[in-house]
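Worksheet for the structure shown next.
The values are calculated or read from the model by the stated rules, or taken from the named source; none is laboratory data. This structure is a prediction, so every number in the text was calculated from the model and none was measured. Here Cβ is always computed from backbone atoms with ideal geometry, including for glycine, and neighbour counts include all displayed protein chains. Side chains are part of the model used for accessible areas, which takes the heavy atoms of the whole protein and leaves out ligands, DNA and RNA. Shrake-Rupley method; radii C 1.70, N 1.55, O 1.52, S 1.80 Å.
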2 protein chains.
Amino acid sequence: MKRYFFFLFVLTALSLSGQGFFSPPVDSPEISKDGAVTFKVKAAGADTVRLIIDTRVDTLMKHTGNETWSITLRDLEPDLYMYYYMVDGMKVLDNENAHTLRDVKSVMNTFVLDPKGDCPMAVHNVPHGEVRAVWYDSPTLNKQRRMMIYLPPGYEQGHQRYPVFYLLHGSGGDETVWLEQGRAAQVFDNLIAEGKAEPMIVVMPNGNVDEQAASNMSAEGNVQPTFAHKNWMDGTFEQSFNDIVTWVDKNYRTRDSKRYRAIAGLSMGGYHSLYISANQPADFAYVGLFSAAIGRMDQGKCTIYDDLEGKLVTQFKQHPRLYWIGIGTDDFLYKDNTAFRQMLDQNRLRYTYHESGAGHEWANWRDYLVIFTQLLFK
Amino acid sequence: MKRYFFFLFVLTALSLSGQGFFSPPVDSPEISKDGAVTFKVKAAGADTVRLIIDTRVDTLMKHTGNETWSITLRDLEPDLYMYYYMVDGMKVLDNENAHTLRDVKSVMNTFVLDPKGDCPMAVHNVPHGEVRAVWYDSPTLNKQRRMMIYLPPGYEQGHQRYPVFYLLHGSGGDETVWLEQGRAAQVFDNLIAEGKAEPMIVVMPNGNVDEQAASNMSAEGNVQPTFAHKNWMDGTFEQSFNDIVTWVDKNYRTRDSKRYRAIAGLSMGGYHSLYISANQPADFAYVGLFSAAIGRMDQGKCTIYDDLEGKLVTQFKQHPRLYWIGIGTDDFLYKDNTAFRQMLDQNRLRYTYHESGAGHEWANWRDYLVIFTQLLFK
């Protein structure tokens with residue numbers, strides 16, 4: 001009976017998983033101690049196989065026999081990567097890598113490259129904060145909405161009050177994306193453990209006001225993630241933002257004053273951060289615009305967007321402790337950010353500027369998060 | 001400038017996502033109001049395309065022109081489904097469906113079928129509980145470990161104490177799997193809202209004692225999920241279990257007595273639940289064995305597994321309020337569960353038995369969770 005049970009268990013395990021039961025799993029991609037990364041894919045009868053790594057790599061793989069294509073990359077920086085294969089023009093995921101993430105609607109495999117153990121996006125053996133998926137009522141939008149909250153290590157056990165960082169996603173994102181593509185929990189765990197960042201509460205709301213939650217967590221059912229949201233950048237999110245701040249201050253041990261409140265976001269989230277902070281100059285001492293969608297295309301649509309220049313002058317008279325602008329030189333929003341900075345310069349409004357390479361992409365936004373977070377609440 | 005910004009934004013959005021910026025997303029699969037489900041896949045030059053839905057469907061798709069294969073299924077029950085395509089023998093995911101889940105190491109697309117709005121696995125417009133990813137110290141295992149906690153709606157705002165349900169995963173799973181494949185948060189939200197279940201705290205630990213956390217959330221780096229764990233079903237998890245109970249009772253408003261404590265699990269988690277409750281008869285009033293791996297193959301390995309029959313007699317003398325056994329008639333563990341029940345019968349130990357169709361699979365475990373949860377703490 002014992003032998004019979006075990007035999008059947010193994011058979012079922014094999015059929016369920018397609019892998020050997022007690023054979024150790026193949027780790028894919030293979031990462032050597034010096035950080036070389038080897039990708040392998042089986043594709044019987046294929047003519048061409050390409051490896052595509054987010055916006056950074058697009059290369060042919062070599063046929064190395066036994067129906068296998070392979071390539072080794074040696075110059076990748078420590079970071080999170082997202083990749084997939086194109087087999088004769090068809091997108092195929094890596095069946096040896098169970099780890100995936102999605103970018104808007106596109107699912108890719110993912111890995112974190114951390115050969116020296118110092119990549120802030122990797123999980124390290126440090127005290128870990130808590131991540132909560134919470135639902136709150138938005139009276140302004142008249143619905144329940146979901147957001148993600150990071151609480152610093154020790155929050156649950158202590159009585160201390162903490163500053164709050166509101167961290168906003170871009171168009172096509174939702175409340176989960178800063179934790180997933182952005183590796184926010186790992187970044188905060190690591191920076192706090194190294195003493196580089198103050199312990200803080202981080203609030204990651206959903207900036208698409210027509211949805212309750214990420215598309216598979218909403219009562220709206222079988223709906224796919226999209227860029228095409230109603231009330232997109234029309235002032236509605238900004239007008240409803242105090243529902244979030246009020247709920248957070250009521251339910252968490254926050255330091256609920258401007259001095260201990262930061263707001264930042266990427267792309268659309270930068271646009272939201274710009275207008276929320278300009279319209280509420282008494283509320284946020286730290287503002288971060290990461291590749292912000294500064295085009296003022298919605299001027300006239302909503303009073304939120306009227307007279308930005310006048311509002312900024314008022315905001316800066318109240319001395320924000322940090323007004324931070326980050327942009328990549330290849331970003332399609334580079335010129336708009338330059339124009340925006342010229343306007344700030346003309347008004348003698350002081351900001352901190354960080355110019356990186358590359359464009360409108362997560363490799364930049366993760367870096368900006370690491371840099372910006374170290375400047376907060378000090 | 002306005003036009004220029006917008007044009008570039010659209011171009012980048014298109015290139016990032018491969019979808020139209022303002023065109024609504026294609027929902028895949030297409031689900032009609034009467035619950036018919038249509039799958040479509042583009043596969044240029046393919047000879048055969050199959051649709052595989054977990055253990056329930058494996059069927060050829062029809063070539064419907066324009067390089068597209070399609071099939072409509074009309075008899076699927078409301079539930080969560082996981083599927084993929086086989087294109088000329090190569091596994092391919094549905095590029096029109098961004099929602100994926102993994103089963104051990106295998107990534108599949110997923111959807112929830114809820115045509116009448118009454119499927120307990122779907123998100124409904126009811127009060128939602130909170131889901132927390134927390135880290136705790138395990139003194140017995142001498143490491144930090146991660147677990148998931150569900151708190152019922154209103155927990156954060158109130159002062160009430162709640163009963164606790166410890167819900168354990170199977171071999172190849174981890175702390176995330178009951179929330180993902182098991183839809184636990186949705187099941188508890190829905191049952192509590194309908195008054196069918198008591199509000200309760202649900203604790204979902206990681207039963208693989210050699211890992212800190214799910215493979216992509218552990219400091220061990222680029223490691224793939226596996227069945228092949230060290231200290232697998234050798235008593236170590238059971239011996240360390242009180243680290244979890246102690247931490248939970250210390251950090252949450254629990255009702256910290258046997259009357260308000262339940263333990264249940266699937267497969268290996270059923271085995272864990274069996275031995276933890278038998279060795280700690282004063283601790284759990286409710287025990288659930290879902291397709292439990294009852295083989296006693298580890299007898300002799302650890303005192304935890306010695307004299308099960310004698311321990312059960314002692315346990316039942318202390319009157320558990322519910323001892324629940326669920327198994328499918330096609331499960332490879334059916335005979336072992338039958339033998340176990342015969343042993344209980346011979347000792348006149350009273351249990352509740354639920355026999356379903358099908359085998360060792362999530363469709364059963366989600367059903368068992370719905371049934372078992374309604375019997376708790378009443």
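Results, tabulated for the structure shown:
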{"item": "Label spacing, shortest first and in nm, from A:ASP58 to its equivalents in the remaining copies (7 angstrom along Cα→Cβ)", "result": "3.8"}
{"item": "Whole-angstrom gap from segment A:227-288 to segment B:183-233, using each part's C-alpha centre", "result": "33"}
{"item": "Positive-end extreme of charge dipole, the protein assembly as shown - chosen from B:PRO139, A:TYR334, B:PRO29 (charges on Cβ)", "result": "B:PRO139"}
{"item": "Charge sum, other residues only, whose C-beta stays under 12 Å from A:SER267's C-beta, Lys/Arg counted +1 and Asp/Glu -1", "result": "-3"}
{"item": "Solvent-accessible area buried by pairing A with B, both sides, nearest 100 square angstrom, 1.4 angstrom probe", "result": "7600"}
{"item": "Using θ = phi - 60° and Karplus 6.51 cos²θ - 1.76 cosθ + 1.60, couplings along segment B:47-57 (whole Hz; Gly, Pro as x)", "result": "8, 9, 10, 10, 10, 10, 10, 4, 9, 9, 9"}
{"item": "Order of exposure, largest accessible area first, which applies to B:ILE325, B:ILE52 with probe 1.4 Å", "result": "B:ILE52, B:ILE325"}
{"item": "Qualifying trypsin sites (Lys or Arg not before Pro) for segment A:132-206 [loop in DSSP, other Cβ within 10 Å: at most 16]", "result": "A:ARG161, A:LYS196"}
{"item": "Cβ-vector label at 7 Å, A:TYR353, separations to other copies in nm", "result": "7.8"}
{"item": "Quotient of C-alpha Rg and 2.2 N^0.38 Å, computed over segment A:125-256", "result": "1.08"}
{"item": "For A:LYS143, inter-copy label distances in nm, listed shortest first [label point 7 Å out on the Cα-Cβ vector]", "result": "4.2"}
{"item": "Given charges at beta-carbon only (K, R positive; D, E negative), |dipole| of the protein assembly as shown in Debye", "result": "1540"}
{"item": "Vicinal HN-Hα couplings computed from phi for segment A:373-378 (Karplus, 6.51 cos²θ - 1.76 cosθ + 1.60; Hz; Gly/Pro x)", "result": "4, 6, 9, 8, 6, 9"}
{"item": "Projected label distance in nm at A:GLN346 and B:ASP330, using a 7 Å step from Cα toward the beta-carbon", "result": "7.2"}
{"item": "Nearest-ten-degree value, helix A:184-193 long axis tilted from longest Cα axis of chain A", "result": "80"}
{"item": "Cα-based convex hull, the protein assembly as shown, per residue volume (Å³, whole number)", "result": "157"}
{"item": "For segment B:320-378 versus segment B:144-166, the gap between their alpha-carbon centres in whole angstrom", "result": "26"}
{"item": "Within the accessible area of chain B (1.4 Å probe), percent carbon and sulfur", "result": "49"}
{"item": "Other-chain or far-sequence residues with amide H under 5 Å of A:SER356's (modelled H)", "result": "A:ILE327, A:GLY328, A:THR329"}
{"item": "Calculated from backbone phi, Karplus (6.51, -1.76, 1.60) coupling profile of segment A:212-225 in Hz, x at Gly/Pro", "result": "7, 6, 3, 4, 8, 10, 9, 6, 6, x, 6, 10, 8, x"}
{"item": "Net charge over other residues, Cβ less than 9 angstrom from the Cβ of B:GLY45 (K, R count +1; D, E count -1)", "result": "-4"}
{"item": "Accessible area expressed per residue, chain B, with surrounding protein chains retained (probe 1.4 Å, Å²)", "result": "39"}
{"item": "For chain B, average projected area of the Cα convex hull in nm²", "result": "23.0"}
{"item": "Nonlocal amide H pairs with A:TYR162, under 5 Å, H built at 1.01 Å", "result": "A:THR254, A:ARG255"}
{"item": "Summed residue charge, Cβ within 10 Å of A:ALA98's Cβ, Lys/Arg positive, Asp/Glu negative", "result": "-1"}
{"item": "Farthest positive-ward along segment A:209-307 dipole, Cα basis, beta-carbon charges - from A:GLY270, A:ASN251, A:ALA292", "result": "A:ASN251"}
{"item": "A:ASN142-A:ALA282 FRET efficiency (beta carbon distance; Förster radius 35 Å; 0.05 resolution)", "result": "0.85"}
